[in-house]
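The values are calculated or read from the model by the stated rules, or taken from the named source; none is laboratory data. A quick note: this is a predicted structure, and the numbers were derived from the prediction, not measured. For neighbour counting, all protein chains shown are included, and Cβ atoms are generated from backbone atoms with ideal geometry for every residue, glycine included. Remember, those area values only see protein heavy atoms, side chains included, never the ligands or the DNA or RNA. Shrake-Rupley method; radii C 1.70, N 1.55, O 1.52, S 1.80 Å.
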Amino acid sequence: MASQTLQSVPGEPTAAQHELSLEELARREADGQAYFDKVMADDSRIEPRDWMPPAYRKTLLRQISQHAHSEIIGMQPEANWISRAPSLKRKAILMAKVQDEAGHGLYLYSAAETLGQPRDAMMQDLMDGKAKYSSIFNYPARTWADMGAIGWMVDGAAIANQVPLCRASFGPYGRAMVRVCKEESFHQRQGFEILLELSHGTPEQKQMAQEAVNRWYAPALMMFGPPDDDSPNSKQSMAWNIKRFSNDELRNRFVGMMMEQVRVLELTLPDKDIRFNEETKKWEHGPLDWAEFHEVLAGRGPCNAQRLERRREAHDDGTWVREAAAQYAAKQAKKQAEKEVAA
Amino acid sequence: MTTPEPHAGNVWPIWEVFVRSSRGLSHVHAGSLHAPDAAMALRNARDLYTRRNEGVSIWVVPADAIASSDPDAKGAFFESPQGKDYRHATYYTKSEGVKHL
């Protein structure tokens, strides 16, 4: 790891730190904790080279790398439709969107790297099946209308989740989220537009749009994570100012937005129990199949194996490019060095 | 520009990216990326950080080449401006209400 950078580095302890006495180390840790606590109390930001509790680092590393993996795997359901988009315009839009997802993955890997893990190690964990990513991307995109439903609901849910993360207490994560959120709103609008056009098209097209909404509704709601009473890490993440709202709070807020927007689409949400709670003034959704959520998360969803296989294949296909670029760089560096010696 | 040594395991080194959003403004840190050399770092930076006309100029700097102040020395290192509020215009209050001052 680079050890002196803006973005990067917690770095290994320096030689000097190895020689410190136990008392001195304990004093530094106490100072670090006090500073960290003050940052949390002031709702300020922690930066990569600040002292942080090991559990905070671990939690963030897990969350940010899973988030990055989700962006990278998330390219697949849509990439599947690039060559079959109904027009050149839609094809160009879809390509731009998939390219954005790759970019989002890279911003997030960069943010995660500042916590001390090299990107290659994270990618290896993903390919080895050791790392998790959002369960939503293990569902298949069966028709063109799924591109609409994914943009509108999946990206919509992602935005609802990500906007509060712009204020996450870890600086690099918050900054990556600001960039991601700016770009994500086009994703949701283009999805909404696809559905709107289909719903105003032929009866068959309208039906195709409705079926896609039916397929993606429950998985999109489950993107917010398990219900609050079954989400053991939420409380700590909220205490650390990483998470700002609970899973259920965000989910209900999202359902409210969907209820308004689905009317404009002249479609319906596949949830007969959805209701507006007059007391809390919030929308509430019907029961979700959490057993399915845990199955998919555990690797037994409809497309888990296919997604990982494709990721490995793409990585292997790129090996020669990575090697050639590294060789070329080494050769150029050598030439440059020889020139400098000669001069 | 010199290219930094690749890290162990043939991993491409990290570069920090600075983008000038329009003429007349300075380059601002946008993020980082991995690339084998400066030319590739610039191309990757263009694709990663300027997909929507965010910039008219890009700098890439090997992350290893950047020196930074010690994070543990927050207080001590930046101590000198403290208590010197006479360096700010707001310190001088007697001129309040006087025009063009």
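Given the Cα atoms of segment A:236-304, and with Rh set as the inverse mean 1/r over their pairs in the Kirkwood sense, what is Rg to Rh to two decimals?
With Rg and the Kirkwood Rh in hand, the quotient comes to 1.06.
What accessible area, summed over both chains, is buried at the B-A interface (1.4 Å probe, Å², nearest 100)?
Answer for the B-A pair: about 2600 Å² buried.
Once the other residues with Cβ under 10 Å from the Cβ of residue A:103 are scored (Lys, Arg +1; Asp, Glu -1), what is the net sum?
Spelling it out: positives minus negatives among the neighbours equals -3.
Leaving out same-chain residues fewer than 8 places away, which aspartates and glutamates sit with a Cα under 14 Å from that of residue A:272?
Output for residue A:272: A:284.
Measuring with a 1.4 Å probe in the full set of protein chains, what accessible area per residue, in whole Å², belongs to chain A?
That works out to 50 Å² per residue.
Who wins for biggest fluctuation among A:280, A:114, A:202 in a Gaussian network model of chain A, springs between alpha carbons below 10 Å?
A:280
At 24 Å minimum axial length over the Cα atoms and a Kyte-Doolittle cut of -1.0, report the qualifying DSSP H helices in chain A, or say none.
A:22-41, A:54-73, A:88-113, A:171-199, A:203-222, A:247-265, A:319-342
Mind checking which lysines have their Cα closer than 23 Å to the Cα of residue A:331? Skip sequence neighbours fewer than 8 apart in that chain.
By straight Cα distance, residue A:331 reaches A:339.
Helix B:38-49 against the longest principal axis of chain B: what's the angle in degrees, Cα atoms only, rounded to the nearest 10?
70 degrees
Rounded if a/c is under 1.5, else prolate if a/b is larger than b/c, else oblate: which is chain A, with a ≥ b ≥ c the root eigenvalues of its Cα gyration tensor?
Oblate shape, in that a/c is at least 1.5 and b/c is the bigger or equal ratio.
Normalised by the number of residues in segment A:224-343, what is the relative contact order in percent for Cα pairs under 8 Å and 6+ residues apart?
After rounding, I find 14 percent.
Looking only at A:95, A:257, A:127, which one moves most when chain A is put into a Gaussian network model with springs between Cα atoms under 10 Å?
So, out of A:95, A:257, A:127, the one fluctuating most is A:257.
Can you give the helix-only mean residue ellipticity at 222 nm for chain A, where every DSSP H stretch with n ≥ 4 adds -39500 (n - 2.57) and the sum goes over all residues, rounded to the nearest 500 deg cm²/dmol?
Result for chain A: -21000 deg cm²/dmol, rounded to the nearest 500.
In nm, to one decimal, how far is the modelled label at residue A:275 from the one at residue A:178, with both set 7 Å along Cα→Cβ?
4.3 nm
Using the Cα gyration tensor of segment A:134-234, with a ≥ b ≥ c the square roots of its eigenvalues, what is the shape: rounded (a/c below 1.5), prolate (a/b larger than b/c) or oblate (neither)?
Judged from the Cα gyration tensor, segment A:134-234 comes out oblate (a/c at least 1.5, b/c at or above a/b).
Quick one: order A:56, A:35, B:92 from most to least accessible surface, probe 1.4 Å.
B:92, A:35, A:56
Would you kindly state the longest site-free stretch of chain A, with sites defined as GluC sites (Glu not before Pro) in a DSSP loop (not H, G, I, E, B) surrounded by at most 16 other Cβ atoms within 10 Å?
For GluC sites (Glu not before Pro) (loop position, at most 16 other Cβ atoms within 10 Å), the longest site-free span of chain A is A:20-265.
Tell me, which residues of segment A:103-146 get at least 20 Å² less accessible area when the other protein chains come in, versus the chain alone (1.4 Å probe)?
By number: A:106, A:107, A:110, A:113, A:119, A:120.
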